[in-house]
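The values are calculated or read from the model by the stated rules, or taken from the named source; none is laboratory data. Predicted model, so just to flag it, every value in this text is computed and none were measured. Quick reminder, even Gly has a Cβ in these numbers, built from the backbone with ideal geometry, and neighbours come from all protein chains shown.
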2 protein chains.
Amino acid sequence: MPATPDALDRRAALKARHRQAIVAAAAALMDERGSARFSVDELAARADVSRRTVFNHFATLDDVVIAAASTILGDVVDELGARAGAAGPDADVLDQMAAATRAEHLVPLMARLVRMLGGESGAGTTLPAREAALVQRTFALLDERLTATMVGHHAELDDLAVELLVVAFMAGALMLFRHWYAATGAVDDARSRRLWDELQGHLVDLLRHGQGAPQDAR
Amino acid sequence: MPATPDALDRRAALKARHRQAIVAAAAALMDERGSARFSVDELAARADVSRRTVFNHFATLDDVVIAAASTILGDVVDELGARAGAAGPDADVLDQMAAATRAEHLVPLMARLVRMLGGESGAGTTLPAREAALVQRTFALLDERLTATMVGHHAELDDLAVELLVVAFMAGALMLFRHWYAATGAVDDARSRRLWDELQGHLVDLLRHGQGAPQDAR
DNA sequence: TGCACCGAGTGCATCGCTGCACCTAGTGTC
DNA sequence: GACACTAGGTGCAGCGATGCACTCGGTGCA
């Protein structure tokens, strides 16, 4: 949610302010509770709006939670994207994305997301259905955001092939997240990092072939 | 303007908050300018509301100025009233009112009112018509407030004669203010204080007769 | 004196928020 | 299994604020 621009009239500014307050209140409650378990009434009271107003801005309470989680982790995602772009537009796109999504960068992010939404994580722990769905949806949103950032880095190339590559990579990353999450419970340790790098290596290899390099001997 | 009670619903609270903000903004501008000369646009900007909203709460800009001046001086007036009531309900009502409105108490108040609304005061200075009218209307409002306070002190007596006495006294004080103001320009000095006490003495004498005491020889 | 400009004040439509009654699904208890 | 309760979510009417076009009176200037 961008800061309110001066150009907004007072009505639009009020609307933006209230939406911002709702998201911030959700983030605060999630931080305090270590989970996404709070009521609409608690959220409205914390945001200092009526409960009806919450639903004027968001379709469901889960939508608020996802917006809050995205806001909290959005900066981290943007940082990843910025780092990936630092090599300049001439760098190999696939190498950039591979570097940006290595375990050392992405595993802490994914672990934090799961902790934020569902409390403690662990290989043996399975989140309740609602929390698991929240994690998936939020990761998908962050993935989309990173995709947009990566595509933006190469916009000057105006190359459809590059955009397709980025979108395909991020879609693959999203699918791998589900797999990795099921296998590790989103705990952040050496084993889970090794698994992520292995999975991500598969993705990179697959897309490398599609980028014009000669097909490796199996 | 009382603080917003918790019992108000959110709409009523918003309304009260905006009205309060408008009055506070006017008071701030009057304090900075040393006069009541600012525009509706300036007031609205300072109060952080739209200019239409100012007119939703007040009929005219002058009404806002009067509300602000009343708020600023209202505490002083309440203090006068409280002091008058400190002698207890058995004290002579007329003596109380006379004590409360002696020059040492009232002349600083009246001088401050004129300064606030019209800038510097002096015997030779005449305020522009608008500012003069503002002073009259604000004094009338404060006079009414002091009247209510004085009547309240003797409410336990439930005596119509007491209430009539208070109302008559305050109406007399209002009329005397006009006279005193015209003669002194609301400057606060020994001469203006002497004149006020003289005028007030006449009022006290007049009402003393009406209180059952034998008529003094002229 | 006529004209242009400015600012107070107004009417009206629209927006965003709010209050409230209601529905529905899930949960717990007997 | 029936019932009561709770919380998420909804529709609708009303309130307060706002945007905007407008009128009118006051002021300054030629």
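I'd like the residue in the range B:48-76 that is farther than 22 Å from residue B:141 by Cα and more than 8 Å from DNA strand C (Cβ to nearest atom) and, out of all such residues, is surrounded by the most Cβ atoms within 10 Å (Cβ to Cβ). For the range B:48-76, the residue satisfying everything is B:49. Can you report the number of residues in the range A:33-47 which are more than 12 Å from DNA strand D (Cβ to nearest atom) and surrounded by 13 or more Cβ atoms within 10 Å (Cβ to Cβ)? So the answer is 4.
Looking only at the range A:131-142, decide whether some residue is more than 23 Å from residue A:68 (Cβ to Cβ) and modelled with pLDDT of 85 or more. I'd like the intermediate steps shown before the answer.
Let us first name the residues in the range A:131-142 that are more than 23 Å from residue A:68 (Cβ to Cβ), namely none.
Within the range A:131-142 (the criterion being more than 23 Å from residue A:68 (Cβ to Cβ) and modelled with pLDDT of 85 or more), the answer is no, since none of the residues qualifies.
If you go through the range A:17-32 and pick out every residue that is surrounded by 15 or more Cβ atoms within 10 Å (Cβ to Cβ) and either more than 8 Å from DNA strand C (Cβ to nearest atom) or closer than 27 Å to residue A:129 by Cβ (or both), you end up with 11.
Among the residues in the range A:1-21, are any within 28 Å of residue A:110 (Cα to Cα), assigned to a helix (DSSP H, G or I) and near DNA strand D (Cβ under 10 Å from one of its atoms)? No, the range A:1-21 contains no residue that is within 28 Å of residue A:110 (Cα to Cα), assigned to a helix (DSSP H, G or I) and near DNA strand D (Cβ under 10 Å from one of its atoms).
Taking the range A:27-137 as the region of interest, none of the helices (runs of 4 or more DSSP H) fully inside it holds 2 or more residues being in the same structural domain as residue A:168 (by TED's automatic domain parsing) and in contact with a strand residue (DSSP E or B) (Cβ under 9 Å, 6 or more places away or on another chain). Looking for something among the aliphatic types (A, V, I, L, M), without any contact (Cβ under 8 Å) to a residue 40 or more places away in the chain and over 30 Å from residue B:161 (Cβ atoms) - is there at least one such residue anywhere in the range B:32-41? Checked against the condition, which is being among the aliphatic types (A, V, I, L, M), without any contact (Cβ under 8 Å) to a residue 40 or more places away in the chain and over 30 Å from residue B:161 (Cβ atoms), the range B:32-41 yields at least one hit. Taking the range A:77-98 as the range and being surrounded by 16 or more Cβ atoms within 10 Å (Cβ to Cβ) and farther than 30 Å from residue A:58 by Cα as the test, the residues that pass are A:84, A:85, A:93, A:94, A:96, A:97, A:98.
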